[in-house]
1. Those residues that are of a type outside the set (Asp, Glu) and either without any contact (Cβ under 8 Å) to a residue 40 or more places away in the chain or out of contact with any Phe, Trp or Tyr (no Cβ under 9 Å at 6 or more places or on another chain) (or both), I need them from the range 9-24; list them, please.
2. For the range 40-58, give me each residue that is touching a Lys or Arg at 6+ places or on another chain (Cβ under 9 Å), free of Cβ contacts under 8 Å to residues at least 40 places away in the same chain and among the aliphatic types (A, V, I, L, M).
Amino acid sequence: MGRPLGGNNRKRTPQEKEAIVLEYLNGKAGYRAVAASNEVHPSLFLTWIRKYRENGIEGLISKSGKSPKPKAGKYDRHPSETEKLKKELLRKQVEIERLKKGYQVKGGGGQKEFVTTFDANTES
């Protein structure tokens, strides 16, 4: 009894949700009957009822959608050219500092090891 595949969920305004919840709260029918007559899944309808009892119509306002600012700590999947160049410059600076201290990195991942490039008999 679900909706057809490929369709969008119905977006309801808080006023529409309130009218459906009040229909149940006024005792006209059970929550399953009210949910079925309004084509709402019973578990979602119970959530609306709980939110309405806790916060009134304010609780029925949808909080989904795009946030005004990006989430902190998320990686940018498409860095700009400037960001790419800054990252490459930082890598080069780290490599230069390692070479100044006489170390090279052999291997990668968990197999990394730092190998000295200076001879034991050579003064640095």
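1. Here is the first cut: in the range 9-24, the ones of a type outside the set (Asp, Glu) are 9-15, 17, 19-22, 24.
Result: 9, 10, 11, 12, 13, 14, 15, 19, 20, 21, 22, 24.
2. 40
Any read-out appearing in this document is the output of simple, stated calculations on the displayed coordinates, not a laboratory observation. Here the structure is a predicted model, which means the values were calculated and not measured. Because the Cβ atoms are built from the backbone with ideal geometry, glycine has one as well, and the counts that use them run over all protein chains shown.
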